[in-house]
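**Student:** First the structure, then my questions, so here it is.
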Amino acid sequence: MRWRLLRIIFLIAAFAPPVVAHEARPAYLELRQTAVDTFDVLWKVPALGDTMRLGLYVRLPETCETLAEPRGRFTADAYIERWRIRHAKALVAFFALFHGHAHGTELPAGQSGLLYSVGFVIATGLLHAVGIGIGTLHRWPAGRVLLRTAGAGVLVGGLFFLGRSIGWLA
């Protein structure tokens, strides 16, 4: 039975017609916040050679102010434009809204939104404090050794839990 199935698969593969699909190279838009109201824009679209690019263009809200005109160049397979914009309120609010929505959907059903928010703010503050502590430790040679040792400990712990989950360790 198994050999018969393998023969059928081989015959189908041997006599299948060639298949051609269209090329799938998506465009890429990156907004990198450099200040509260300022963003660097990177727009990358597929291109053929040094003259033909895909006819897609960025259209930002009319309230965006262009601080630096777009500078474009062709690479081997893309056309890349970079420029800087300012948008005081709407763009920042857009990111804040979706960031808040993402965390809001994590709220367990029937729980207090106020207590959840307070806990979230406290956890964020503690994470910042840990980051500041790590940055402070990294200033000194002994602190760097301590951080590397802690990193190795995290690695060993991760490998332990991985081994337990896939059955390498009893």
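FYI, it's all coordinate maths here, none of it is from the lab. These figures come from a predicted structure and were not determined experimentally.
**Student:** With percent of Cα pairs over 26 Å apart as the read-out, I listed (1) 32; (2) 38; (3) 68; which label goes with the value calculated from this structure?
**Tutor:** (3)
**Student:** Per residue, what volume in Å³ does the convex hull of the Cα atoms of the stretch 112-170 enclose?
**Tutor:** Cα convex hull per residue, to the nearest whole number: 99 Å³.
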